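Engineer: So that we are looking at the same thing, I have put the structure below in structure tokens.
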Amino acid sequence: MRHLHRLRAGERVGRSVRPFILLALSFWFALPARATIDYRVGVSEPERHLFRVVMVIPDVRREVTVRLPAWNALYQVRDFAHHVQDVTAADSAGKPLNVAKLDKQSWRITGTGTVVVQYSTYWDEPGPFSSQLNSTHCFVNLATILFYVQERRSEDIRIIFHHLPDTWRVALALKLQDPGAERAGVPSTTRPTTAMRESGPYLAPNYDALVDAPVEMGVFEEFSLNGISPPVRVVVHGERSSDSTRDHILSTLRPIIAYETQLMGGAPYEEYLFIYHIGAPAEGAGGGMEHANSTAISIDSIGALSGVTAHEFFHLWNVKRIRPASLEPVDYAREQWTRALWFAEGVTSTYGSYTLVRSGLWTRKQFYEDLAGQITELELRPARRWKSVEEASLDAWLEKYSLYRGPEFSVSYYNKGQLIGVLLDILIRDATDNRASLDNVLRALNENFARRGRFFRDSADIRAAAEEVAGRNLQEFFARYVAGTDELPSAEYLARAGLVLKSLGRSRAEFGFWAGRGPDGASVATAIDPGSPAERAGLREGDVLVELNGGAFPRHPDRWLREHRPGETVRLRIRRDGLEREVSFGLGERQEHMYQIEEEAKPTAKQRRILEGLLRGTTDARQP
């Protein structure tokens, strides 16, 4: 640490990259010699939110082009390069090399041998989809900060994190190069930092695996799930440590992990890491992001834990391993179009709800309420009449535009995909006299694609697997409800499971405007109803919605409105042209349909078997 400060003191006379280059090279030469790329990520300036990155590229012949991904995690081109500052490069002797920017995210460096690239990148965006460095903690999606060399993405990689504050630890789902920490009984992903306050090197088999391992650094609560194999660890930031918090997390995770692992025939990881950020995430920052051996989840309270956890953990199989060919290989430079998000995300939501009811975390009443709510949500989107769920998958890249997210322009592949999953399950159970189910389809896809390192053709291979399990042609179902825009036959299919779908008219509150998202993720007012109380109170298109009744504007406004009545006065703090003001108005009123699901009073034997199979995850297949 002191030696490092002496090196930096030398650059105060004039701007030079040489001290940083020498530091990077001393790190590189200290490691076993091999032709691979190494990174050092410094977090010495949390108040400035600046990551200092050094990238060491060996065996360069004449020139090398480095790039920064344009997207990651979300299906949105977010141009991470606009966070980057001051890209420089030098050779192994510290001699500066020419750096030429080629486009918004690419730089060409002229040189031979070992090339050392240095740059800074600014990040202070909370949530599981971005990166954040501040005085309380650091969370990193590595694709947002690390350059790559396209033709060398398959090389194994090392990374070190340095200049950590004294009390900080590091957690990520990568192995340490030094196995001594394991022998000392310290978990590999939270190895104590050295005297120089650094952690690593961590190893990844390639760039894709590296950036699929988010990093949490800071002072956090950490514990393991005893008796679970393979090992599962939990890191919690933001929630004050307490026995009740830990007990709630453990009692939620155990049944989710046990059920989903049993369903899919075993865990596909050697060790798994949950990273939780708990406590009032910034608007747009909530939710979860799946990774191959970990997940990062941001929730406002511990009560929201179960739903997002069940969804993200099931992504271990569906998406991360049962993966559409249209998403492979990953192209970090541009959009990748896929028709399969209705299955990758929507059917994952199907299994999120299945997991909760089948593990006992939900009652069957809660399952029915959630399913009815999904039907109501789809009904409220007029775009369902002309936009198929496959088209919604293709258009996922438009979700960063607030207008597109409006009900007249889009449907959710999460929402409609979840419903299709349930209906397809009932269809298979009905066709096979409850001897098979959608569970068999997922297991077949896992066996025939994931475990064989193959990727499925969008919708086509899903249909083929479903037809094999159902023993019948499903062309009409997929043509009408997946590729087409026919209304889902929810009432008809639920009846086959002994469930009654009731449509109830109701009066519900409304804001008088649509809450969209601005470019920075903040909620903004759009599509303001002419003559509405909100308009009369002075609300204008594009106003940033800062607070509602003294708290953060809700991430899901429709859910908030369900708990409030027409005419109720609300206080809305808005920001316009950099200035904040408060407006008050009464909530409007509209008539709409909502749905309710009840069990048939006198079901047939078949209906009863299908319903119990649906709720318990069982079939009537004969055991060998």
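Engineer: Check each of the GluC sites (Glu not before Pro) in the range 286-337 and keep only those in coil by DSSP with at most 15 other C-beta atoms within 10 angstrom; list them in order. Spell out each step's value before the answer.
Structural biologist: Working: sites: E290, E312, E335; in loops: E335.
Loop-located and lightly packed - E335.
Engineer: Which far-off residues, 5 or more places away or on another chain, put their amide H under 5 Å from the one on D543, with H placed in the peptide plane?
Structural biologist: When sequence neighbours closer than 5 places are left aside, the close amide H contacts are A525.
Engineer: Then there's this: Could you work out Rg/(2.2 N^0.38 Å) for the range 573-619, with Rg from alpha carbons only?
Structural biologist: 2.56
Engineer: Mind pulling the angle between the C-alpha long axis of helix 18-30 and the longest principal axis of the chain? Nearest 10 degrees, somewhere in 0 to 90.
Structural biologist: 80 degrees
Engineer: Once you have all Cα-Cα distances for the chain, histogram them in 10 Å bins from zero and send the whole-percent values.
Structural biologist: The distribution over the chain is 3, 15, 24, 25, 19, 10, 4, 1, 0, given as percents.
Engineer: What translational diffusion coefficient, in µm²/s and rounded to a whole number, does the Stokes-Einstein relation yield for the range 462-514 at 37 °C and a viscosity of 0.692 mPa s, taking the hydrodynamic radius as the Kirkwood radius over Cα pairs?
Structural biologist: 230 µm²/s
Engineer: Let me ask something else. If you filter the range 454-548 for GluC sites (Glu not before Pro), then keep DSSP loop positions with at most 14 other Cβ within 10 Å, what is left?
Structural biologist: Listed in order of number, the matching sites are E487, E541.
Engineer: Could you give the spread of the C-alpha atoms of the range 399-451 along their three principal axes, from largest to smallest, in whole angstroms?
Structural biologist: Each principal axis gives a Cα extent; for the range 399-451 these are 45, 29, 9 Å.
Engineer: Using alpha-carbon pairs under 8 Å, 6+ residues apart, how would you state the relative contact order of the chain in percent? Kindly include the intermediate steps, with their values, before the conclusion.
Structural biologist: Details: 1276 pairs, mean separation 63.5, N = 624.
Relative contact order, the chain: 10 percent.
Engineer: Moving on to the next point. Explain nothing, just the number: relative contact order of the range 536-582, from Cα pairs under 8 Å at least 6 residues apart, as a whole percent.
Structural biologist: In percent, rounded to a whole number, it is 43.
Engineer: While we're here: Dividing the alpha-carbon Rg of the range 504-593 by 2.2 N^0.38 Å yields what?
Structural biologist: 1.03
Engineer: Right, here's the next one. Could you pull out the trypsin sites (Lys or Arg not before Pro) across the range 473-573 that fall in loop regions by DSSP (anything but H, G, I, E, B) with no more than 15 other Cβ atoms inside 10 Å?
Structural biologist: Within the range 473-573, the qualifying trypsin sites (Lys or Arg not before Pro) (loop, at most 15 other Cβ atoms within 10 Å) are R540.
Engineer: How big is the range 201-250 along each principal axis, measuring the range of its Cα positions in Å and listing the largest first?
Structural biologist: 40, 27, 16
Engineer: With n ≥ 4 as the cut-off for DSSP H runs, can you work out [θ] at 222 nm for the chain, using -39500 (n - 2.57) per run divided by the number of residues, rounded to the nearest 500?
Structural biologist: -7500 deg cm²/dmol
Engineer: Using the count of nearby Cβ atoms within 10 Å as a rough guide to exposure, how do M594, M217, M289 rank from fewest to most?
Structural biologist: M594, M289, M217
Read-outs: derived from the displayed coordinates by stated rules, not from any lab. Computed from a predicted model, the values in this text were never measured in an experiment. Backbone-built Cβ (ideal geometry, glycine too); neighbour counts: all protein chains shown.
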